[in-house]
Amino acid sequence: MKQMMLVFLGGGLGSVLRFLISKTYNHHYINFYLGTFLANSIGCLLIGILLGLSAKHNYLSQNQTLLLATGFCGGFTTFSTFAFENYSFLKAGELLNFSLYTLSSIIIGVIAVAIGLWISKLI
C-alpha cells in the first residue's frame, strides 16, 4: 500500500508539472508542441539520471525509485519510460527488438488514438 501511495503522489506531482509546462509553452508555436516536447525531453533526461545513479551507486532506495522514476517521471511523461526501454534494447544489441518495439508502439499508438476518436463519434 505504501508503494502505491508513493507512485500516486509522484505521478500526481509529475502530471501537474506537465500540465503547467504544456499550458505555458504549447501556444508559442503553431506547428510544434513545445511544452510537450520539453516535458518529454526533461523526463527522459531525469529518468536517465535517476536510474543511472541508482544502478551505478545504488543511490536510490526502492521506494525513492517508485516515487521519482515510476511515479514522477511516469506522471510527467510516459515517454521517458519508453525511451529508457528502447535504450535498454540498444545497449543489449537487440536491434530487431528495438525496431519492432519502437515502430509498433508509435504506429499502434497513433492508430489507437484514431480508433478512439472514431468510436467517440459513434457514441
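Of note:
- In the chain, the longest principal axis of the Cα atoms and the axis of helix 34-57 are about 20 degrees apart.
- Across region 55-123, Cα-Cα pairs more than 13 Å apart make up 74 percent of the total.
- Among 97-108, 62-73, the peptide with the highest mean count of other Cβ atoms within 10 Å heads the list, and the full ranking is 62-73, 97-108.
- Between region 59-98 and region 104-121, the Cα center-to-center distance that results, in Å: 24
- Only one residue of I107, G10, S80 has its Cα farthest out toward the positive end of the dipole of the chain, where Lys and Arg carry +1 and Asp and Glu -1 on Cβ, and that residue is G10.
- The sum of -39500 (n - 2.57) across all DSSP H runs of n ≥ 4, divided by the residue count of the chain, sets its helix-only mean residue ellipticity at 222 nm to -25500 deg cm²/dmol.
- Protection proxy ranking for 83-94, 34-45, using the average of other Cβ atoms within 10 Å per residue and placing the highest first: 34-45, 83-94.
- Normalised Debye scattering of region 24-91 at q = 0.21 Å⁻¹ gives log10 I(q)/I(0) of -0.84, counting only Cα atoms as equal scatterers and leaving out solvent.
- Correct choice for semi-axes √(5λ) of the Cα gyration tensor in Å that was computed from the model, options [x] 40, 16, 13; [y] 22, 17, 12; [z] 26, 21, 16: [z]
Every read-out reported here was derived from the displayed coordinates using simple, explicitly stated rules and does not represent laboratory data. What you are looking at is a predicted structure, and each value in this text was computed from that prediction instead of being measured. With ideal geometry, Cβ positions are generated from the backbone for all residues, glycine too; neighbour counts draw on all protein chains shown.
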